[in-house]
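No lab work stands behind these numbers, since they all come straight from the coordinates. It should be emphasised that the depicted structure is a prediction, and the values quoted were computed from it without experimental measurement. Cβ placement follows ideal geometry from the backbone for every residue including glycine, while neighbour counts extend to all protein chains displayed.
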Amino acid sequence: MAMESPFFLTKVECPVCKTINEFENIKVGAYIEEDHDTDFCPVGRQWRNPKYEVYNPLLFFMATCENCLYTREFNQAFKDWKNDNAFRSYRLKPIQTRHLEALAVDGSVLKMLGQARDPQLNPFATAVTKFLLGIYDELLLEHPRKLDLGRFYLRIAWLYRENFGQAPVAAADDPSHFAYDIEKAYAKLKQARDYLTLNVNTISQLVDEAFTKNNPSGSGNVEFLTVQENFKSELTRINELQNALNGAIGEMAQAVEKNSRLRLDSAPQSERGAVAYGGFASFEEFIREVKSRWEYAPVNEQEALLYAIEFYKSALEDGHEIQPGNQQIQATYLIAELSRRIGRNTEAKLYFNNTIKAGQQFVFDNRGDQTRTALARKIIDLAVAQGKSNLEASRGN
């Protein structure tokens, strides 16, 4: 007798292109998880129907529109987006405009990611790709949800871990830290260059309007002409410097990419992949090409954890996305534990201490409510244990 499918289908209209998609939902009880790692990664999963053992449930965590590739976490909020006034008022229009603009570009990262998906032949790579599509869409917004981005990157790290095995804790001087920091600093440099270009163009337009369009009668005034020439001369000089800057940044891009690829050459063979994906010989080659075009693509577990830390910290510092209490305690703990896993022991120590202090205060303030404090007490125990491991590792460095 054939075993029951672990899925049921739900129809959802895409907010961007209005296509009706049917997405797979995992039935309650379709699989069990025996345990969880110290960063809450599920361990020991078993599907009730053995046919689906090859699939990680995270493959179905994100929903991608088959027409326009818009991707979002497949939760109740997405299913009911038409009744979400905040989404419809503040997020829908900008995501529609920016997503469709990106989709219209030939060879865009959005198209590259969306067209590579192959859940049958490569469910691992497809799961990672769907998370990246969701991250791409979230980052199109002026005010992306940092907590969601942190959650997405953490789950990408879990996918890498399951596929390639547990990554060793990186030493504090591991080259991967420097490569990541260089890539992020390079991204900020390009962003600053773009802001400079925008401001120079604005000044040029204002000068043109002030001295040409709106003041034709002043053309005979010697002082007026002198000021006009001064502006034009300095703008010309700035344009020349911009051209030189753009050339240097372009040359630096090659060095950044080479630095990234050198790490690939030294990676264990088990992490290089053997299944073709997205027109490349392996997922590893595919994700490297994506990263060369879009800096937010992590190529391994450690990089995914670094991005997760970055966005969890931003969400925590912002103060609007993370609620005081259990959620804040959990976020602080994750920053600590993920920092420990990548060898940033000093930062890990700070956040482990903050977790324990905040957790103990929360438990004390709510000492009459065992249910409310259950998670906080569990996280305190984890923070104490992992804090000891972190201290031992820092002494050994």
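Can you bin segment 323-396 into rounded, prolate or oblate? Criterion: square roots of the alpha carbon gyration tensor eigenvalues sorted a ≥ b ≥ c, rounded for a/c under 1.5, prolate for a/b above b/c, oblate for the rest. Each step should come with its number before you reach the end.
Numbers: a/c = 2.82, a/b = 2.24, b/c = 1.26.
Prolate shape, in that a/c is at least 1.5 and a/b is the bigger ratio.
Only Cα pairs under 8 Å and at least 6 apart count here; give the relative contact order of the chain as a rounded whole percent. Let's see the in-between values first.
On the way: 439 pairs, mean separation 57.8, N = 397.
It comes to 15 percent, rounded to a whole number.
Can you give the angle from 0 to 90° between the axis of helix 146-164 and the longest principal axis of the chain, with both taken from C-alpha atoms, to the nearest 10?
60 degrees
Any idea what angle helix 175-208 forms with the longest principal axis of the chain, computed on alpha-carbon atoms, 0 to 90 degrees, nearest 10?
Between helix and principal axis, roughly 30 degrees.
State, to one decimal in nm, how far the label point of residue 245 lies from the label point of residue 233, with both points 7 Å from Cα in the Cβ direction.
The answer from the label model is 2.2 nm.
Please compute the contact order of segment 323-396 in relative form: average sequence separation of alpha-carbon pairs under 8 Å and at least six residues apart, divided by the residue count, as a percent. Show your work: numbers first, answer last.
Details: 76 pairs, mean separation 27.0, N = 74.
It comes to 37 percent, rounded to a whole number.
List the cysteines in the chain whose Cβ has no other cysteine Cβ under 4.7 Å from it.
41
Which residue, 251, 162, 347, has the most motion in a Gaussian network model of the chain that connects Cα atoms within less than 10 Å?
Per the Cα network of the chain with a 10 Å cutoff, 251 tops the list.
For the pair residue 199 and residue 275, how long in nm is the line joining their label points, each one 7 Å along Cα→Cβ?
4.9 nm
Once the Cα atoms of helix 123-139 and of the chain are each reduced to a long axis, what angle between those two axes, in degrees from 0 to 90 to the nearest 10, is obtained?
40 degrees
Multiply the residue gap between residue 166 and residue 212 by 0.36 nm, knock off their C-alpha separation, and tell me the result in nm, one decimal place. The partial results should precede the final answer.
Working: separation 46, 0.36 × 46 = 16.56 nm, distance 6.56 nm.
Additional length available on full extension: 10.0 nm.
So, counting K/R as plus one and D/E as minus one, what does the shell of residues with Cβ under 13 Å around residue 395 add up to? Don't skip to the end; give the middle numbers.
On the way: positive: 349, 388; negative: 392.
Once positives and negatives cancel, what remains is +1.
Assuming 0.36 nm per residue, please report the length gained on full extension of the stretch residue 37 to residue 49 beyond their Cα-Cα distance.
This chain segment gains 1.9 nm when fully extended.
Helix-only mean residue ellipticity at 222 nm, the chain, DSSP H runs n ≥ 4 weighted -39,500 (n - 2.57), per residue, nearest 500. What is it?
Values: 12 runs with 231 residues, N = 397.
Value at 222 nm, helices only: -20000 deg cm²/dmol.
Cross-link partners among lysines for residue 111, C-alpha distance below 29 Å, same-chain residues fewer than 8 apart left out?
11, 18, 79, 82, 93, 130, 146, 184, 188, 190, 258, 291
Identify which of the listed values of mean projected area of the Cα convex hull in nm² was calculated from the structure shown: (i) 19.0; (ii) 26.7; (iii) 20.4.
The calculated read-out lines up with (ii).
Between 206, 140, 121, find the one with the highest GNM mean-square fluctuation for the chain; connect C-alpha pairs within less than 10 Å.
206
Return the single residue from 62, 112, 252 with maximal mean-square fluctuation; model: Gaussian network over the chain, springs between Cα atoms under 10 Å.
Answer for the Gaussian network model of the chain: 252.
Does segment 7-164 come out rounded, prolate or oblate by the C-alpha gyration tensor, with a ≥ b ≥ c the root eigenvalues, rounded set by a/c under 1.5 and, if not, prolate when a/b is larger than b/c and oblate if not?
Details: a/c = 1.66, a/b = 1.58, b/c = 1.05.
Prolate, since a/c reaches 1.5 and a/b exceeds b/c.
Between residue 318 and residue 93, how high is the FRET efficiency from 1/(1 + (r/R0)^6) when r is the Cβ-Cβ distance and R₀ = 22 Å? Nearest 0.05.
Working: r = 23 Å, r/R0 = 1.04.
It comes out at approximately 0.45.
Which of the peptides 328-341, 383-396, 279-292, 40-53 is most tightly packed, and how do the rest follow, going by the mean number of other Cβ atoms within 10 Å of each residue?
On the way: 328-341: 24.9, 383-396: 15.6, 279-292: 18.6, 40-53: 13.6.
The densest-packed peptide leads the list: 328-341, 279-292, 383-396, 40-53.
Starting from the Cα of residue 77, step 7 Å along the direction of its Cβ; do the same at residue 222; then give the gap between the two resulting points in nm.
Once both label points are built, they end up 6.7 nm from each other.
For segment 39-131, what is the relative contact order in percent, using Cα pairs closer than 8 Å and at least 6 residues apart in sequence?
Details: 66 pairs, mean separation 28.5, N = 93.
Relative contact order of segment 39-131: 31 percent.
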